[in-house]
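Everything on this sheet refers to the single structure shown next.
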Amino acid sequence: MMSGATTATADTAPEKTPDTARPIPFDNSYARLPDAFFSPVDPTPVEAPRLIAFNRPLAEELGLAADALERHGAAYFSGNVPLPGSLPLAMAYAGHQFGQFVPQLGDGRAILVGEVVDRNGKRRDIQLKGAGQTPYSRRGDGRAALGPVLREYIVSEAMHALGIPTTRALAAVASGQPVYRERVLPGAVFTRVAASHVRVGTFQFFAARGQTDNVRLLADYVIGRHYPELKGEENAYLALLEAVAERQASLIAKWLGVGFIHGVMNTDNMTISGETIDFGPCAFMDRYDPRTVYSSIDHGARYAFGNQPMIGQWNIARLAECLLALLDEDQEKAVEAANEAVGRFMDRFQEHWKAVIRAKIGLGADEEESDQALIRDLLVTLYEQKADYTLAFRYLADAAESGAANAALGRLLEDPAALAPWLAAWRERLSRGTTPPQARAAAMRKVNPAFIPRNHKVEEALTEAVDHGDFSLFFALNDVLARPYEDQPAFAAYAEPPKPGEEITATFCGT
Ligand code: AMP
Ligand code: MG
């Protein structure tokens, strides 16, 4: 493919190759759904777009013409120049926000420009966020500020590198025009890639209007797109409910494994695909405490770290309600089936969480009865000792390799000796396994990251970019977070928890 001749042709006549004429090979399926599903809307041009970041590996994975896109990135990813073949639209959706149902939300500042089928045959959405007003903007300006755009860039790519299903960052463009929030901020447009943007709230939009035909159409659409294996099932809609529950249970277990707090798990921010979406007030926990909340608007601690599984179940119950009419002609039977599916959510979560936490402490599949107590005792001690969640597990890998007391681990605790009895019990437990210590430690390092997007580091990078126009920390942070499971001694400072005074206690949506 990459023969000299092809390259030469492309070099001499770039504008004539099909790639550059149509740098994104769109194939738009959502736009073929009925009118009720979306509103066509064009992005509103911005004044002076400038490309800040472009994710070339992702562009290549998507089969896009990366060179052409990068060259014209400011124009394309701001929405100033329409991408050939795009069919821009804003998706309709509803949602429960902090438990309150809002019958109409929709893409108020996001525009789906189209879909591509990537190199692995997977269909992906490409969306501009902050590209101007849509029919769903209500009183919003349809814009995004630079800080939250860079934040979503950093965190979504970090999640991907951590191995957690997530939407991705394709590009960030500074708009060259201000947005007005509590203060005047530089504006930006973010290009997001998602398996799809269909949410629990998309189902709620139609269910709340009694549009059963549209609920069915949407269910068929997501089965075709995300769960094709369910097509032959006797009750495909019940199978869909179970499958979404399964992916969400697995996702939330993975979040808990790395200390991720989504912060705003409203039903409009929960995908049907099982990807993490909408990184508004999200944060990574430093000290281990299940009650941790960062979001400045989460007054009731509804979306605290340890509440996330329960909220996942609550959201799945909302999806189940939407599907009732499809589950069985006999509504009593439908309710029974839905209840059973929702009731299984916690078991599903527990299974996934068990696998996550066992791997984190180096336990294999060979379960022993006392393992549960061992896991609980560790978490209780980390909580009581106010230990840094990420480093505690990372250092356990070292402790698995050597029998010596681990000084670095001790320094994470208020009382450095507090973990000694647990370490003795743990080592004794490990000695009954057959894995050699070095292999066990290596396996543990593959699931216990050294690097997470530390809130104070993210904040530092954003402040430099927003207040001083300096993006070097933003790029440095992205580079470090691309290899979270490797020790990167040159970047040791990025692994450190915040020092006193550096702690970030609140995060903001930034909408
Ligand atoms: P979020 O909290 O980002 O999940 O957004 C909740 C709802 O508010 C969605 O319908 C968004 O599209 C909408 N929204 C958020 N910010 C803006 C904005 N600046 N302009 C218009 N709509 C917005
Ligand atoms: Mg949202």
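The values are calculated or read from the model by the stated rules, or taken from the named source; none is laboratory data. These numbers were taken from a predicted model, which means no experiment stands behind them. So basically every Cβ, Gly included, is an ideal-geometry build from the backbone, and we count neighbours across all protein chains shown. Remember, those area values only see protein heavy atoms, side chains included, never the ligands or the DNA or RNA. Shrake-Rupley method; radii C 1.70, N 1.55, O 1.52, S 1.80 Å.
Among the listed residues V200, V215, V189, which satisfies the condition of being touching a Leu at 6+ places or on another chain (Cβ under 9 Å), open to solvent by less than 10 Å² (accessible area, probe 1.4 Å) and either modelled with pLDDT under 95 or within 16 Å of G274 (Cα to Cα) (or both)?
V200
Within segment 1-25, restricting attention to residues that are assigned to a loop (DSSP other than H, G, I, E, B) and either assigned by TED's automatic domain parsing to the domain that holds L218 or surrounded by fewer than 11 Cβ atoms within 10 Å (Cβ to Cβ) (or both), which residue is modelled with the lowest pLDDT?
The residue in question is M1.
Considering segment 142-187 alone, what residues qualify as being over 17 Å from D125 (Cβ atoms), without any contact (Cβ under 8 Å) to a residue 24 or more places away in the chain and of a type outside the set (V, I, T)?
P178, E182, R183
I'd like the residue in segment 481-511 that is open to solvent by 80 Å² or more (accessible area, probe 1.4 Å) and of a type in the set (A, V, I, L, M, F, W, C) and, out of all such residues, is farthest from F279 (Cα to Cα).
Out of the qualifying residues, it is A490.
Checking the condition under 21 Å from L146 (Cβ atoms), near ligand 1 (Cβ under 9 Å from one of its atoms) and assigned by TED's automatic domain parsing to the domain that holds T44, which residue from Q97, Q127, Q133 passes?
Q133
Restricting to segment 26-58, name every residue that is touching a Pro at 6+ places or on another chain (Cβ under 7 Å) and buried (at least 18 other Cβ atoms within 10 Å of the Cβ).
Correct list: V41, P43.
Kindly indicate whether N406 is at pLDDT 95 or above, surrounded by 12 or more Cβ atoms within 10 Å (Cβ to Cβ) and not basic (K, R).
no
Give segment 148-195 a look and list any residue that's outside any helix (DSSP H, G or I), out of contact with any strand residue (DSSP E or B) (no Cβ under 8 Å at 6 or more places or on another chain) and either β-branched (V, I, T) or on the phi > 0 side of the Ramachandran plot (or both), or say none.
G163
Condition (residue is within 16 Å of ligand 2 (Cβ to nearest atom), open to solvent by 10 Å² or more (accessible area, probe 1.4 Å) and under 15 Å from V189 (Cα atoms)) applied to segment 83-101: is it met by at least one residue?
The answer is no, given that none of the residues of segment 83-101 is within 16 Å of ligand 2 (Cβ to nearest atom), open to solvent by 10 Å² or more (accessible area, probe 1.4 Å) and under 15 Å from V189 (Cα atoms).
Within segment 453-511, considering only helices (runs of 4 or more DSSP H) that don't extend past its boundaries, which have at least 3 residues that are touching a helix residue (DSSP H, G or I) at 6+ places or on another chain (Cβ under 7 Å) and not assigned by TED's automatic domain parsing to the domain that holds V179?
Answer list for segment 453-511: 455-468, 472-481.
Inside segment 113-133, can you point out the residues that are out of contact with any helix residue (DSSP H, G or I) (no Cβ under 7 Å at 6 or more places or on another chain) and in a loop (DSSP other than H, G, I, E, B)?
Residues satisfying the conditions are N120, G121, K122, A131, G132, Q133.
For segment 102-122, which residues satisfy the criterion of being away from ligand 2 (no atom under 16 Å from the Cβ) and not aliphatic (A, V, I, L, M)?
The answer is G114, E115, D118, R119, N120, G121, K122.
If a residue has to be under 27 Å from L58 (Cβ atoms) and open to solvent by 10 Å² or more (accessible area, probe 1.4 Å) to count, how many in segment 457-480 make the cut?
16
Sort out which residues of segment 102-123 are under 12 Å from I24 (Cα atoms), surrounded by fewer than 20 Cβ atoms within 10 Å (Cβ to Cβ) and not aliphatic (A, V, I, L, M), and write them in order of number.
If the condition is that a residue be under 12 Å from I24 (Cα atoms), surrounded by fewer than 20 Cβ atoms within 10 Å (Cβ to Cβ) and not aliphatic (A, V, I, L, M), then D118 is the only one that fits.
Just one of T292, T276, T271 is closer than 29 Å to A506 by Cα, touching a Ser or Thr at 6+ places or on another chain (Cβ under 7 Å) and among the β-branched types (V, I, T); which is it?
Among T292, T276, T271, only T276 is closer than 29 Å to A506 by Cα, touching a Ser or Thr at 6+ places or on another chain (Cβ under 7 Å) and among the β-branched types (V, I, T).
Of the residues that make up segment 51-64, is at least one among the aromatic types (F, W, Y), within 16 Å of ligand 2 (Cβ to nearest atom) and part of a strand (DSSP E or B)?
No, segment 51-64 contains no residue that is among the aromatic types (F, W, Y), within 16 Å of ligand 2 (Cβ to nearest atom) and part of a strand (DSSP E or B).
Can you confirm whether segment 141-156 contains a residue that is surrounded by fewer than 22 Cβ atoms within 10 Å (Cβ to Cβ), over 20 Å from the mean Cα position of the chain (by Cα) and within 11 Å of ligand 1 (Cβ to nearest atom)?
yes
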